[in-house]
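Could you have a look at this structure, given as structure tokens, before my questions?
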Amino acid sequence: CYCPMNWENVLRTCVALGVPEIQLIQADRGVKGFKLYENGRNRHLMGKEAERAELEGRLTVTQFATAADFLSACERDGLEIWATDLSQWATDLSDALYRRRRRSEDGASKSASSTAGAGGGGRASASGGSGRIALVFGREAVGVSKEVLEGARERVYFPLHGFADSLNVSASVALILDAMLA
């Protein structure tokens, strides 16, 4: 995000929707109106509202120097990567969410049937779709990096109507998070 208003809107949207963590890859440190904020672990750009949310413990912002560092952290933490993409290989967000729910249900029923004799219930694994998602957005002009797209389990797009074929990042974040959290 090179526009401070877009960046602040992304952070405000995440705070408003209860998203507890934002991870940045190579954040631009030259955005006017934002300070480089150090919270003991990371250095990143923060607007006043997001800084307040982080200080109150409602938001954690982590920065990665490279896409490879981000991908490694996601793998280590068991995060399923979903990247926004406008290519022919992307799937409508609602279809991806439906497949994820099906994987989760299938994994839960398989696990429940295999543990029923032991008196335990089942829970699907992250590969079955019940783990956390790292949702990756790129800038409107260039999108998500090739490296992250190749590491993504899902490439998703939000269907648009009319003449628009893309939205700026803050609008995309708001619409896609709202759909995913519904």
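5 Å is the cut-off here: which amide hydrogens, built 1.01 Å from N in the peptide plane, fall below it relative to Val144, excluding neighbours closer than 5 in sequence?
Close amide H contacts, sequence-distant or interchain: Gly138.
Got a number for the accessible area of Glu147? Probe 1.4 Å, square angstrom, nearest 10.
About 90 Å², rounded to the nearest 10.
The values are calculated or read from the model by the stated rules, or taken from the named source; none is laboratory data. Predicted model only: the values in this text are computed from it and were never measured. The area values use the complete protein model at the heavy-atom level, side chains included, leaving out ligands, DNA and RNA. Shrake-Rupley method; radii C 1.70, N 1.55, O 1.52, S 1.80 Å.
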